[in-house]
Amino acid sequence: MPTFVAKGINVSCRTIEGEAFIFNHETKVLLQLDEVGSFVWDQIVGNQTIDDVLEECIKEFTGDVQEIRNSVKEFIYELFRKNVVTLSSEPPPEEMTSVC
Amino acid sequence: MSVNLQLTELAKLAKEKIIPISVLVEVCYKCNENCVHCCLDSHTKLGLTLSQYEQLFDQMTEAGTFYVIFSGGEPFIRSDFLEIVKAARKRRLSVTIFTNATLITDQQINMLRSMYVDEVHVSIYGGNSDLHDSITRTPGSFAKSVAVIKKMVAAGIMVRIKCPLMNLTANEICTIKELAYELGVNTQYTTVITAKNDGNLDTHQYRLTPEQLQAVVSDPDISKQGKEPIYFSENLDCVPCDTVFNGGSIDPEGNVYVCNQLQIVGGNILTQPLSEIWKKSPEFQQLREIKLRNLKDCAKCELFQYCTRCPGLAYLEDGDVLGCSSVAKEVAEARRKAGVFPTEAHIFSQG
């Protein structure tokens, strides 16, 4: 079963010159992602599954495919633990899904 | 892959890279109140359409904007206002709203909460209905505003009272503080009633008297105080206001300003993208060239270390963006008499 990943409605974010800044309105924490993390973050738009994001990352990054899969997956789970993305087995409701 | 950061660092980065990180958007000039001190010269402008605002938010995303502050007029007078907020949140812009709150319904409170609106700032002018309603010239407005604040706080929305201090309200500051405490909200005071945005000075009659100003600047709850004086000669290459680098303001017709106090238009978002206007407008580039060393009046002014001059007010009220701001001078004189200094951030960013 696919796992859908979406930017949380509880966050505000912007990518500035390749670096993503993410503010969690619940924890009031501002995160800055590095270039690789920011690329992954920018793939999380609309109704993407984790596999969709992985595919984009494999196209973008060079190296061992399995290693890329593992580290990107682990990163997405880290974002989930920080409560800035949601993971679900159903597509998230369109109502507040991020468009960028 | 991630590090924690302070919000002030984001503002600094935006200043370095010339990004309109925090943009005020006036969605209409219509209002359901009729405040004696209002800075708007007309209340007829209705604002852009929802679709035009969606395009604006796309432009903001491209330009690097992080915060959007919705103001008016009264934003909730627009029946589609929450659709505008929703469009901004879908682009993950952080949203703050300036409102009198009187028109906000229970359903709208729930929507504001579910959209994670960052803060709602509500204008309150006194600690009781007689005083507040006499300023808004709208009977019942105090009761409505306070009732909605209570509901928003109960819903978990961060609310802040915005209180411009006037000679009519200065003696009531303690009742405003009590009200804020009772409501469980923070208060943000301003000590300057500005001219109308066409330069009309009628609103000056409501400004604090020199004695009231002195009392207000002495109160650390109202006016932030610095520990040490800041000297002109040691800051010659500083910019007088960061907002020209990392601010931004858009009126109901789509005209772009660096700040709603500084009425110099850099372009219009209906004909040119925000990022292009922000970085390439000759008017804005010229404003960014201004350094402290260019402010000749300030160089010889003995009140400099007490002064929080706003270039916008200097331009609007005194006609020269490089000249002395007479109202800033009045406040500086009050600080000098009170023996208190403003903070560095207060001087250079009008924070």
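Condition check ((1) surrounded by 14 or more Cβ atoms within 10 Å (Cβ to Cβ); (2) within 24 Å of residue B:4 (Cα to Cα); (3) β-branched (Val, Ile, Thr)) across all residues:
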| residue | (1), (2), (3) |
| --- | --- |
| A:54 | yes, no, no |
| A:65 | no, no, yes |
| A:81 | no, yes, no |
| A:85 | yes, yes, yes |
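In this structure, residue A:80 does satisfy being more than 8 Å from chain B (Cβ to nearest Cβ) and either closer than 25 Å to residue B:59 by Cα or of a type outside the set (S, T, N, Q) (or both). From the list B:211, B:172, B:182, B:228, the lone residue that is of a type in the set (D, E, K, R), surrounded by 19 or more Cβ atoms within 10 Å (Cβ to Cβ) and over 19 Å from the mean Cα position of the chain (by Cα) is B:172.
Filter segment B:71-91 for residues that are under 24 Å from residue B:13 (Cβ atoms) and not in a loop (DSSP other than H, G, I, E, B) and give the result.
Listed by number, the residues that qualify are B:88, B:89.
When B:238, B:310 are screened for being closer than 27 Å to residue A:16 by Cα and at pLDDT below 95, only B:238 passes.
Within segment B:93-108, restricting attention to residues that are out of contact with any Asp or Glu (no Cβ under 7 Å at 6 or more places or on another chain) and assigned to a strand (DSSP E or B), the residue that is farthest from residue B:142 (Cα to Cα) is B:97. The residues of segment B:287-305 that are open to solvent by less than 30 Å² (accessible area, probe 1.4 Å) and outside any loop (DSSP other than H, G, I, E, B), listed by number, are B:287, B:288, B:292, B:298, B:304.
Out of the residues in segment B:12-21 that are outside any loop (DSSP other than H, G, I, E, B) and within 11 Å of chain A (Cβ to nearest Cβ), state the one that is nearest to the chain's Cα centre (by Cα).
Here is the first cut: in segment B:12-21, the residues outside any loop (DSSP other than H, G, I, E, B) are B:12-17.
Now restrict to residues that are within 11 Å of chain A (Cβ to nearest Cβ): B:13-14, B:16-17.
On the way: B:13: 21, B:14: 18, B:16: 22, B:17: 22 Å.
Residue satisfying both the conditions and the ranking: B:14.
So, of the residues in segment A:83-92 that are of a type outside the set (Asp, Glu) and more than 11 Å from every other protein chain (Cβ to nearest Cβ), which turns out to be nearest to residue A:26 (Cα to Cα)? Among those residues, the one meeting the criterion is A:83.
Scan (1) open to solvent by less than 30 Å² (accessible area, probe 1.4 Å); (2) without any contact (Cβ under 8 Å) to a residue 40 or more places away in the chain; (3) on the phi > 0 side of the Ramachandran plot for the single condition residue B:199 breaks and write down its number. Result: residue B:199 fails condition (2) only. Taking residue B:71, is it among the small types (Gly, Ala, Ser), closer than 28 Å to residue A:16 by Cα and touching a Ser or Thr at 6+ places or on another chain (Cβ under 7 Å)? Criteria not met by residue B:71.
Considering only segment A:30-48, I want to know if a residue exists there that is over 24 Å from residue B:4 (Cα atoms) and more than 14 Å from chain B (Cβ to nearest Cβ).
Going residue by residue through segment A:30-48, those that are over 24 Å from residue B:4 (Cα atoms) are A:46-48.
From what is left, the residues that are more than 14 Å from chain B (Cβ to nearest Cβ) are A:48.
Yes, segment A:30-48 has at least one match.
For the subset of segment B:27-53 comprising residues that are β-branched (Val, Ile, Thr) and open to solvent by 20 Å² or more (accessible area, probe 1.4 Å), which member is modelled with the lowest pLDDT? Top of the filtered list is B:44. For segment A:6-29, the set of residues classified as in contact (Cβ under 8 Å) with a residue 40 or more places away in the chain, more than 7 Å from chain B (Cβ to nearest Cβ), in a strand (DSSP E or B) and of a type outside the set (Gly, Ala, Ser) consists of A:22, A:24, listed by residue number. Please determine whether any residue of segment B:123-132 is among the aliphatic types (A, V, I, L, M) and closer than 30 Å to residue A:23 by Cβ. The answer is yes, given that some residue of segment B:123-132 is among the aliphatic types (A, V, I, L, M) and closer than 30 Å to residue A:23 by Cβ.
So if I check each of B:93, B:5, B:24, which one is of a type outside the set (S, T, N, Q), within 19 Å of the chain's Cα centre (by Cα) and within 11 Å of another protein chain (Cβ to nearest Cβ)? Within the list B:93, B:5, B:24, the selection yields B:93.
Among the residues of segment A:61-72, are any more than 8 Å from chain B (Cβ to nearest Cβ) and within 12 Å of the chain's Cα centre (by Cα)? Outline the logic, then answer.
Taking segment A:61-72 as the starting set, the residues that turn out to be more than 8 Å from chain B (Cβ to nearest Cβ) are A:61-72.
Pick out the ones that are also within 12 Å of the chain's Cα centre (by Cα) and you get A:72.
Yes: segment A:61-72 contains one or more residues that are more than 8 Å from chain B (Cβ to nearest Cβ) and within 12 Å of the chain's Cα centre (by Cα).
When residue B:168 is tested against (1) modelled with pLDDT of 95 or more; (2) farther than 23 Å from residue B:30 by Cα, only condition (1) is not met. The C-beta contact set for segment B:147-163 (first residue within 8 Å of residue B:185 (Cα to Cα), second residue open to solvent by less than 10 Å² (accessible area, probe 1.4 Å) and outside any strand (DSSP E or B), distance under 7 angstrom, 6+ apart or interchain) comprises B:159/B:149; B:159/B:152; B:161/B:124; B:161/B:180.
Filtered by the rule that a residue be of a type in the set (Gly, Ala, Ser) and farther than 19 Å from residue B:263 by Cα, segment B:285-316 gives a lone residue, B:299.
Yes/no matrix, rows are residues, columns are (1) buried (at least 24 other Cβ atoms within 10 Å of the Cβ); (2) farther than 22 Å from residue B:271 by Cβ:
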{"position": "B:55", "(1), (2)": "no, no"}
{"position": "B:58", "(1), (2)": "no, no"}
{"position": "B:71", "(1), (2)": "no, yes"}
{"position": "B:77", "(1), (2)": "no, yes"}
{"position": "B:82", "(1), (2)": "no, yes"}
{"position": "B:98", "(1), (2)": "no, yes"}
{"position": "B:101", "(1), (2)": "yes, yes"}
{"position": "B:106", "(1), (2)": "no, yes"}
{"position": "B:112", "(1), (2)": "no, yes"}
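The values are calculated or read from the model by the stated rules, or taken from the named source; none is laboratory data. Given the structure is predicted, the values throughout are model-derived calculations rather than measurements. Note: ideal-geometry Cβ built from the backbone for every residue, glycine included; neighbour counts use all protein chains shown. In case anyone asks, the SASA skips ligands and DNA or RNA and just uses the protein heavy atoms, side chains included. Shrake-Rupley method; radii C 1.70, N 1.55, O 1.52, S 1.80 Å.
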